[in-house]
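Enquirer: The structure under discussion is supplied below as C-alpha cells; questions concerning it will follow.
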Amino acid sequence: MKISALRLLTVLAFISLLRYDVISQNPIIRNQFSADPSARVFGDRVYVYPSHDILAVEGKGRLGWFCMEDYHVFSSANLSDWTDHGMIVTQNKVPWVRPDSYSMWAPDCIERNGKYYFYFPTAAKDTITYGRGFTIGVAVADKPEGPFTPEATPIKGIRGIDPNVFIDKNGQAYLYWSAGNIYAAKLKSNMLELESEVKTLGELPAKGLKEGPYMFERNGIYYLTYPHVENKIERLEYAIGDNPLGPFKFAGVVMDESTSGCWTNHHSIIQFKNQWYLFYHDRDYSPRFDKARSIRLDSLSFNSDGTIKKVIPTLRGAGLTNASQRIQIDRYTQVSESGVAVDFLDTLDRFKGWEVFFTKTDAWIQYNSVDFGTKTLKNIAINAQAEKGGIIQVRLNNINGPLLSEVKIGPGNNWIITKKVLSKFQRGVQHIFVISKTDSPIAIDWVSFE
Ligand code: FUB
C-alpha cells in the first residue's frame, strides 16, 4: 500500500510529539529518570540540565548504585510543557572519560559571550594523570541544546563532583564543586581553566556531608546553597555572604529532608518571569530505590530581609495547567485528611503515572492554577473507574465553592470517559476541587474541560 507524502509527514509529526513533548507538574520529566537539575534561563526559555539515572544491570554499572551514562537537556517556555532535546553528552564520546564508568553525575551549564559551557563530573581513563576519583570536564556549544563538543582534557586541578558555575556582575566567573566539603575557585574568562587557588568554603556546618553547591546573587547578597546531611539524609541549606568566595554565614534551611526517604537532594534556583523557582529531585517513579530519581520544581520566595522562605515540596509543582489538557489530579496541591489514596496506574511501567482513589464520601483533592482561558468551555470529561458507580463533584476555590458540574460515573471495571455539560463556567485561572459524593470506591485518572 502506498502512503502519501503528506500522510507520512503527519504521522512523523505525531510520533515526534509523542516522543518529545512532556506534560508537566511534578515530576517535570515523565519519560525517564532524571536528577540533580541545573536550571538556567536562556532567552525566553528555561533549560534544565539534569543527571540521567538509569538502572544498572550485570556488566553495565554497579548494581544497587548510581548509574549514569549520558545527559539530556530539556527546555520549556511555560514550565508546564517540556521539550526533550535529546542526548547532549555521553561517556562514550568524551576522549578522556572512562567509557564504562557510568558516573556522569550532576552537571551545570552557563552562557558566556554566546557560547554555552556544560560542566560535568566523571571518572577519567588516565588515572595516573587525573586520579582515581571524579574530576570535572567541559563541553562547549553555540546553542543551549547543543551540539556540545567536549574538550580533550578535564579542567586541571580539580578532584570532585557537582560543578556549579557563577558569573558575577563584573564578569568574573567562579567554579564551585564538592568532595565532602565545598570548594571554589575563580575561572579564567575562557571558562576552561582555573584562575586562582582552590578555596575550601570552611564556614559551612562542619559535621555531615555537604555537596551540590549552587551560587546565586540577589540584591547584593551572595547565596551559597547546598545539600547537607545534618541528620540522616540530605536537606537543602544556604549560607550568605558579600562576596562569591565568602566568608559565608549559615542562614537556614531551604527544603527539609524528603519524606519519601530519598537520600540525596540536589537543586538549582532561578528567577523566571518575576518568580523564583527551586528545582530539586525526589524518587517519584522509584519509591523503593532512591538512585532512580525524578526532578521537580516549586516556587521559592524571600522574606523582606533577603532570607529564603522554606520551600514545601509539592506534587502540583508550579505553573498553569490548561483546563483543556488532561489534568492529572494525582499531582494535587492539597488533599483531604482521609479517604484519598494515590497509586501507580501500572506498576510494571511507572512512567504511565498515577491514579487517585476516593474511598469515602466528601473526600477531596484540591488542584491549583487551572487556566480556563477566555473562551467559554462547555463540558467536563472525567476518566474514571468505579465498580459500583459513583458521583463526582467539581467545584471552584473550596469544597463548598461554585459547582462546575456533578458527574455520575457508571458502574464497571474499565476506565470510562464520562462527559457532562458544565452547570457553571468561570474564565481565568482557578483552583479546582474534585470531591467524591459516594462511599463506594472511585478511581480517577484525569479530569478535563472542553
Ligand atoms: O547524582 C549523583 C550524585 O547524587 C550527585 O552528584 C549528588 O549531588 C547527589 O545528588
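Enquirer: If K249 satisfies every condition in (1) in contact with a strand residue (DSSP E or B) (Cβ under 7 Å, 6 or more places away or on another chain); (2) at pLDDT below 95 but one, which is the exception?
Expert: Evaluating K249 over (1) in contact with a strand residue (DSSP E or B) (Cβ under 7 Å, 6 or more places away or on another chain); (2) at pLDDT below 95 leaves (2) as the failure.
Enquirer: Quick check on segment 105-131: of everything there that is farther than 23 Å from D168 by Cβ and polar (S, T, N, Q), which residue is nearest to the ligand (Cβ to nearest atom)?
Expert: T122
Enquirer: For segment 356-366, give me each residue that is on the phi < 0 side of the Ramachandran plot and either surrounded by fewer than 17 Cβ atoms within 10 Å (Cβ to Cβ) or within 20 Å of the chain's Cα centre (by Cα) (or both).
Expert: Listed by number, the residues that qualify are T359, K360, T361.
Enquirer: Given (1) within 17 Å of the chain's Cα centre (by Cα); (2) open to solvent by 20 Å² or more (accessible area, probe 1.4 Å); (3) more than 16 Å from the ligand (Cβ to nearest atom), where does I54 come up short, assuming only one miss?
Expert: With respect to (1) within 17 Å of the chain's Cα centre (by Cα); (2) open to solvent by 20 Å² or more (accessible area, probe 1.4 Å); (3) more than 16 Å from the ligand (Cβ to nearest atom), I54 is out only on (3).
Enquirer: Taking P205, is it within 16 Å of the ligand (Cβ to nearest atom) and either without any contact (Cβ under 8 Å) to a residue 60 or more places away in the chain or surrounded by fewer than 14 Cβ atoms within 10 Å (Cβ to Cβ) (or both)?
Expert: no
Enquirer: Let me ask something additional. Residue check: is T418 farther than 23 Å from T333 by Cβ and exposed (fewer than 13 other Cβ atoms within 10 Å of the Cβ)?
Expert: no
Enquirer: Consider A179 carefully, then state whether it is open to solvent by 10 Å² or more (accessible area, probe 1.4 Å), among the aliphatic types (A, V, I, L, M), within 25 Å of I269 (Cβ to Cβ) and within 16 Å of the ligand (Cβ to nearest atom).
Expert: Against the criterion (open to solvent by 10 Å² or more (accessible area, probe 1.4 Å), among the aliphatic types (A, V, I, L, M), within 25 Å of I269 (Cβ to Cβ) and within 16 Å of the ligand (Cβ to nearest atom)), A179 qualifies.
Enquirer: Give me a count of the residues in segment 180-208 that are out of contact with any strand residue (DSSP E or B) (no Cβ under 7 Å at 6 or more places or on another chain) and aliphatic (A, V, I, L, M).
Expert: Qualifying residue count, segment 180-208: 1.
Enquirer: Let me ask something else. If you take the residues of segment 270-288 that are in contact (Cβ under 8 Å) with a residue 60 or more places away in the chain and either in contact with a Phe, Trp or Tyr (Cβ under 8 Å, 6 or more places away or on another chain) or open to solvent by 40 Å² or more (accessible area, probe 1.4 Å) (or both), which of them is nearest to the ligand (Cβ to nearest atom)?
Expert: S286
Enquirer: Hey, can you tell me all the residues within segment 210-230 that are out of contact with any Gly (no Cβ under 8 Å at 6 or more places or on another chain) and open to solvent by 30 Å² or more (accessible area, probe 1.4 Å)?
Expert: Residues satisfying the conditions are E217, G220.
Enquirer: Here is a further query. Can you find, within segment 338-355, the residue that is nearest to the chain's Cα centre (by Cα) among those that are farther than 19 Å from R326 by Cα and surrounded by 15 or more Cβ atoms within 10 Å (Cβ to Cβ)?
Expert: Per the criteria, the residue is A341.
Enquirer: Could you give me the residue pairs with C-beta distances under 6 Å whose first residue belongs to segment 101-122 and is of a type in the set (K, R), whose second residue is away from the ligand (no atom under 13 Å from the Cβ) wherever it lies, and which are 6+ apart or on separate chains?
Expert: Final answer for the pair search is R112/M191; K115/V140.
Enquirer: Another question about this same structure. Can you spot a residue in segment 318-337 that is more than 27 Å from K273 (Cβ to Cβ), at pLDDT 95 or above and in contact with a helix residue (DSSP H, G or I) (Cβ under 6 Å, 6 or more places away or on another chain)?
Expert: no
Enquirer: Report, by residue number, each residue of segment 297-330 that is open to solvent by 50 Å² or more (accessible area, probe 1.4 Å) and of a type in the set (V, I, T).
Expert: The one that is open to solvent by 50 Å² or more (accessible area, probe 1.4 Å) and of a type in the set (V, I, T): I312.
Enquirer: While we're looking at this one, here's another question. Against the condition over 16 Å from Q25 (Cβ atoms), assigned by TED's automatic domain parsing to the domain that holds N78 and either away from the ligand (no atom under 12 Å from the Cβ) or open to solvent by less than 10 Å² (accessible area, probe 1.4 Å) (or both), how does H267 come out, does it pass?
Expert: Details: over 16 Å from Q25 (Cβ atoms): yes; assigned by TED's automatic domain parsing to the domain that holds N78: yes; either away from the ligand (no atom under 12 Å from the Cβ) or open to solvent by less than 10 Å² (accessible area, probe 1.4 Å) (or both): yes.
Criteria met by H267.
Enquirer: Oh, and also: In segment 63-79, which residue that is touching a Gly at 6+ places or on another chain (Cβ under 9 Å) and under 22 Å from S286 (Cα atoms) is farthest from the ligand (Cβ to nearest atom)?
Expert: V73
The values are calculated or read from the model by the stated rules, or taken from the named source; none is laboratory data. Nothing here was measured: the structure is a model prediction, and the numbers come from that model. As a convention, Cβ positions derive from the backbone with ideal geometry for all residues, glycine included, and neighbour counts pool all protein chains shown. In case anyone asks, the SASA skips ligands and DNA or RNA and just uses the protein heavy atoms, side chains included. Shrake-Rupley method; radii C 1.70, N 1.55, O 1.52, S 1.80 Å.
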